[in-house]
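Working notes, structure below.
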Amino acid sequence: MLKALAAEAAISEDHAHLRCIDRLALQIVGLRLMGYAGIHLSGVHTPDELVALEQRISIWVSQIDSLKQWQPAWEASWHLDGQRCSHF
């Protein structure tokens, strides 16, 4: 996981930040599909970050409606072209 984060940061800080927002949105969608009623959100410090997160959540919700669909999307979110996929 740390290698994936470092590889994203090596591309650019903006790229790494957008990937983190995307994974957070995907994680929130996954928790919703698991039946969680809510989440505790931290690490979002500006209104722009919150808006970006809300937009990514909306996109993922429109594309994923089951954990079976969510799992490959989650795995892909940790994959960078030319590198091995991180598994947890």
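Each reported figure results from applying straightforward, stated rules to the coordinates on display, with no laboratory input. Source: prediction; values computed, not measured. Every residue, glycine as well, gets a Cβ built from its backbone with ideal geometry; the counts of neighbours run over all protein chains shown.
Charges were assigned to the Cβ only: +1 to each Lys and Arg, -1 to each Asp and Glu. The resulting dipole of segment 2-77 about its Cα centre is roughly 320 debye. For segment 67-77, backbone phi angles converted through the Karplus equation (6.51, -1.76, 1.60; θ = phi - 60°) give residue-by-residue couplings of 5, 4, 7, 5, 3, x, 5, 5, 4, 5, 5 Hz, Gly and Pro being listed as x. Over segment 2-77, the reciprocal of the mean inverse Cα-Cα separation, the Kirkwood hydrodynamic radius, stands at 13.1 Å.
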